[in-house]
Amino acid sequence: MKRMFFAACLLCSLSLTAQQRNADPKLEALKNEKDQAALRQKIKTLENGSAEDMELLVRYYDKNAAKKASVTKSLVKKYPESQQAQMLRLTPFLKADGAEGTEKALTAMLKDYPGINLDLEKTLVAAAYAEQPNLEKVLQYLNMLEDQVMRARAVTQVADIMAGYDNAAALKFSAGELERIKQLKAQTTPSKPMKLDPQAAYYDYINQYGKLLFNAGRNEEAYQYTMEAYQHIKNKDAELVENYAFLSSLNGKYEEALPILAKAVKEGKLEQRYVDQVRKGYAQLNPGKDVDAYIEGLQRDFKAKIRGEVVKLLINKAAPDFYVTDVNGKKFTLADFKGKTIVLDFWATWCGPCVESFPAMQMAVNHYAKDKDVKFLFIHTWENAKDPLTDAKNFLSKRNYAFDLYMDPRDPSTKRSAAADAFKVNGIPAKFVIDGNGRIRFDVSGFKGKAEAAAEELVQMVEIARKGA
């Protein structure tokens, strides 16, 4: 299942947006104004302008805490429902440490902004507690939401986070909200006060609920909700499409299901249950034809396609010297892995795409579990927790990932992470495959697609690197 990691992704996006806005030419012009009279007039105009004008002034006062706070308060009071006001209210969450820090930030907001809808902020706190997990706190903040459609979306997000480490718990939680959310199906007017589409929220919820049932092996129930989501959601995600096809095949609908399942296998969906359904469907629709040859052809095409794509990414440059520490604090450098093919995976607990890639990474780790010449280093970087080592260890343990964890600590003075800087990492997840001679052969970032395809891609990178192709 695709994990949203809503809170982390939203805050990461917020951080990136802030960085992009810092390069705003309007801001630069204001900073570079030499005529003091003209500057005062511009500031006055901005103070009495639009939400966008006032937000520009907030950024201008970035190093003047008092004036920044004053303008921020004025903006939120004058334009409480504006995107700019919401962004400014969310900023404290960027520095919040864990669920308790997020809760503390919300508590301050509730005092500072009485009468303003803070449902999104409350959802962030609920999501943070879902990660712990602390279901009592999750429900506390869900029950504080004013907008019932927002509550439905929050339930979907919270269950999605929980499913990352405990599908059964996520299913139980989601099932507890089923009757309440079913009421949204008949509603056609946007919600108050957030103006959300109730039917869209309902179908997103049952889409995820069907996936939780599917993962629990409750196929008959899963089919009911998956089919409804499939019929009503316009922009269907791949998991919904494949689950619908699989469940349809169990109900004998091979003509509709086989093309989808065969395509999924050809693109890397190699789970035996999918292959078995393709086998049954092909045999039924094509009596007398060689089923084994058909399956082998799909799998062969998959691997050939992956290799063709991987070869195009091959590079050859010296790896920088770097150091990381293991969970016991021992330092390791590139020289410690001389002669081995190593895979570096720079990640962080707050990075949604990093964690979405982990099922694929576990498959690759398992593939080389008995190969002493291949080493995986999962390097936790760009930390934002008070105790990043414990945070990272707990995160991996909760999800049963058997990864060799290494730390890339921030420098207390520069706030930079040395290993990530050495590799010029500008976004995570970032993966590097380094051959036994210390040469970087592959440098990839981000994550998308199926876990099986991503795992096969990495396996082929390792094989190409170790053979010196």
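The values are calculated or read from the model by the stated rules, or taken from the named source; none is laboratory data. As the structure is a computational prediction, the values presented were derived from the model and not from experiment. Heads up, the Cβs are rebuilt from the backbone with ideal geometry, glycines too, and the neighbour counts pull from every protein chain shown. All accessible areas refer to the heavy atoms of the entire protein, side chains included, with ligands and DNA or RNA removed. Shrake-Rupley method; radii C 1.70, N 1.55, O 1.52, S 1.80 Å.
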Only one of (1) under 26 Å from the mean Cα position of the chain (by Cα); (2) open to solvent by less than 60 Å² (accessible area, probe 1.4 Å) does not apply to Asn235, and that is (2)
For region 272-280, state whether one or more residues are at pLDDT 95 or above, of a type in the set (Ser, Thr, Tyr) and surrounded by 13 or more Cβ atoms within 10 Å (Cβ to Cβ).
-> no
Matching helices (runs of 4 or more DSSP H) fully within region 212-297 where at least 2 residues are of a type in the set (S, T, N, Q) = 219-232, 238-250, 272-285
Taking the residues in region 392-444 that are among the polar types (S, T, N, Q) and part of a loop (DSSP other than H, G, I, E, B) as candidates, determine which candidate is nearest to Ala318 (Cα to Cα).
-> Asn437
Considering each of Tyr209, Tyr202, Tyr129 in turn, give the residue that is within 27 Å of Lys104 (Cα to Cα) and under 25 Å from the mean Cα position of the chain (by Cα).
-> Tyr129
Considering each residue of region 420-446, count those that are open to solvent by 40 Å² or more (accessible area, probe 1.4 Å), closer than 27 Å to Lys372 by Cβ and not polar (S, T, N, Q), and give that number.
-> 2
Out of region 414-426, which residues are under 20 Å from Gly329 (Cα atoms) and modelled with pLDDT under 85?
-> Lys415
Report the residue count in region 118-141 for those that are open to solvent by less than 20 Å² (accessible area, probe 1.4 Å) and of a type in the set (D, E, K, R).
-> 3
If you go through region 371-384 one residue at a time, do you hit one that is hydroxyl-bearing (Ser, Thr, Tyr), in contact (Cβ under 8 Å) with a residue 60 or more places away in the chain and crowded, with 17+ Cβ neighbours inside 10 Å?
-> no
Name every residue in region 445-469 that is out of contact with any Phe, Trp or Tyr (no Cβ under 6 Å at 6 or more places or on another chain), of a type in the set (A, V, I, L, M) and part of a helix (DSSP H, G or I), in order of residue number.
-> Ala451, Ala453, Ala454, Ala455, Leu458, Val459, Val462, Ile464, Ala465
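Hey, among the residues in region 68-117 that are of a type in the set (Ser, Thr, Tyr) and open to solvent by less than 40 Å² (accessible area, probe 1.4 Å), which one's nearest to Lys195 (Cα to Cα)?
Applying the filter and picking the extreme gives Ser82.
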Selected residue (criterion: most open to solvent (accessible area, probe 1.4 Å)) from residues of region 399-419 that are acidic (Asp, Glu) and touching a residue at least 24 places away in the same chain (Cβ under 8 Å) | Asp404
